[in-house]
Each structure stands twice: as C-alpha cells, then as structure tokens.
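Notes follow once the structure below has been shown.
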Amino acid sequence: MVKDAFSHVTTWVFDLDNTLYHPSVRLFDQIEEKMTAYMMRTLGVDEARAQHLRATYWERFGTTLSGLMHEHDVDPDPFLEEVHDISFDALQSDPMLRDKISALPGRRIVYTNGTAPYAEQVLKGRNLEGLFDAIYGIEHANYQPKPAQAAFDTIFSKDGLDPKTAAMFEDDPRNLKVPHDLGLRTIHVAPDAHQAEHIHHHTDDLARFLHSLV
C-alpha cells in the first residue's frame, strides 16, 4: 500500500504554485507578464528579449529573479513585491484538499520560490489558511531558489525538520532531486508523470493522493 511508504513521515512539505492549486488556474501567467514588464523597464530591452531572458534565467538559475540578481545585480525585494501583485480571483476553495491536509499527522509546511506574503494570499484564495505550521518563501532562503542545495539546506535548517522523516510535494521535478538525496519521500504533482529515479510517486490529483495516505 502507498500509505505504508509514508508511515515514518512526521513533516509534510508542500510547494505552492501549481501544487496546491491546479496549473489550469494559470496564476503564473500573470506573474510572468509582470516579470516581463519589469525586465523591459529595468533592463531597457524589448518584450521579445525580456521573455527570452526570463525563460533562460529560469532554466539556468532556477528562477528568473536569481538570474537577474546574478547577471544584473537586481534588488530582489522590489521585484518580488511587483511581480506578486496579481489577481487571485481565479482561485477557488477546495474543501476536500483542506480536509486531507488537515488530517496529515505531524507538521505541515509550505516552501515556495515565491514570497511568504504571496503564499498567504494563495492559501487564502484556496481556503487553506491556518493549516500550516510554517510558510517559507524565497526570502527565508536568502533569495537562493529551489533547486539549489543551499536553498534546501537553509530552509530545512530553519525549520528543524529531519529529512529522513519528511515528504515533499512539488510540481517541478527539478526541485525534488535534492530532497530525494537528503532522504525525503518525493511526490511529483502534475498532470503528466515525469520518470526519474529521484521521484518516488506521481499524482495528478493531490487531494486524492492524500486521501490514500490518511
């Protein structure tokens, strides 16, 4: 049984975007538009160049912000505040997901490459607020993004979790490699499965998967 593979887990780590809500909500489309506009204005480039750099930095550095900091010495806080100033109207309450997360034994945390205030807005839009013992944003990792080893080391150290008794849910398969190597149980949450040795489980329905555990 799948449940048996999680009998040792006492800390449950959840990514935010496209994990605690379905990708079809397309919240990140708004963020990408904001990023592109910010880069056009700040770097003095046209839209095509900004979009190219945004995608390139995401692929190379883990996040667009990390690339901007590394290549252009961009101040992270104004960038993060601007790109996360979006509409959350597309988010809907999910009573089943709330019920299944609340039933998980032990501690429950959110760890996102976004900011903690942004995460709180998303959780509110999904009626998932109040379920988590801690919310960690990229600011808590000294602006180092997943999938960097240093980012996970910083957050897991701050939280005090034991990787050997933790599980992580994440839509980006890149972000599960380090947790796997540290000893976490890894669950890829996405419409399409990604086959890799560092992914223990895949689901296209988080609430249903959690139901199988509790």
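The values are calculated or read from the model by the stated rules, or taken from the named source; none is laboratory data. This structure is a prediction, so every number in the text was calculated from the model and none was measured. Cβ atoms come from the backbone with ideal geometry, glycine included; neighbour counts cover every protein chain shown. SASA here: full protein model, heavy atoms, side chains in, ligands and nucleic acids out. Shrake-Rupley method; radii C 1.70, N 1.55, O 1.52, S 1.80 Å.
Observations, loosely collected:
- Within the range 157-185, the set of residues being closer than 20 Å to D133 by Cα and among the polar types (S, T, N, Q) comprises S157, T165.
- Considering the range 187-198, and only residues there that are of a type outside the set (D, E) and either without any contact (Cβ under 8 Å) to a residue 24 or more places away in the chain or in contact with a helix residue (DSSP H, G or I) (Cβ under 6 Å, 6 or more places away or on another chain) (or both), the residue that is surrounded by the fewest Cβ atoms within 10 Å (Cβ to Cβ) turns out to be Q195.
- For L161, the criteria (1) open to solvent by less than 30 Å² (accessible area, probe 1.4 Å); (2) assigned to a helix (DSSP H, G or I); (3) under 28 Å from H211 (Cβ atoms); (4) touching a Ser or Thr at 6+ places or on another chain (Cβ under 8 Å) hold in every case but one, which is (2).
- The set of residues in the range 50-70 that are in contact with a helix residue (DSSP H, G or I) (Cβ under 7 Å, 6 or more places away or on another chain) and over 19 Å from P173 (Cα atoms) comprises A50, Q51, L53, R54, L65, G67, L68, M69, H70.
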